[in-house]
Amino acid sequence: MPTYEYRCEACDKEFSAILSIDEHELEEQTCPECKSNRVAQLLSVFTAQTSRKS
Ligand SMILES: [Zn+2]
């Protein structure tokens with residue numbers, strides 16, 4: 001299953017969630033840190049360059 005990455009707009013926490021396509025479309029994600037649902041999905045999922053982090 002694909003991994004989706006999110007960043008919380010409330011506390012700036014970045015987190016990832018492994019979801020099926022259905023879950024991704026149906027479920028609203030919440031921040032594991034502050035439980036806010038103001039999360040933005042990051043779009044780097046399928047670009048395989050994960051070895052470098054700035
Ligand atoms: Zn948060």
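The values are calculated or read from the model by the stated rules, or taken from the named source; none is laboratory data. In this text the structure is predicted, and so the values were computed from the model without any measurement. No Cβ is skipped: glycine too gets one built from the backbone with ideal geometry, and neighbour counts run over all protein chains shown.
Out of the residues in region 1-18 meeting the condition of being charged (D, E, K, R) and within 10 Å of the ligand (Cβ to nearest atom), tell me which one is nearest to S36 (Cα to Cα).
Here is the first cut: in region 1-18, the ones charged (D, E, K, R) are 5, 7, 9, 12-14.
Restricting the remaining residues to those that are within 10 Å of the ligand (Cβ to nearest atom) gives 7, 9, 12-14.
Working: R7: 11, E9: 8, D12: 11, K13: 11, E14: 12 Å.
Step by step, filter region 1-18, then rank; the result is E9.
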### Task
Being surrounded by 11 or more Cβ atoms within 10 Å (Cβ to Cβ), modelled with pLDDT under 95 and either part of a loop (DSSP other than H, G, I, E, B) or of a type outside the set (V, I, T) (or both) narrows it down to one of E23, E33, so name that one.
E23
### Query
What is the one condition in (1) modelled with pLDDT of 90 or more; (2) touching a Ser or Thr at 6+ places or on another chain (Cβ under 7 Å) that M1 does not satisfy?
(1)
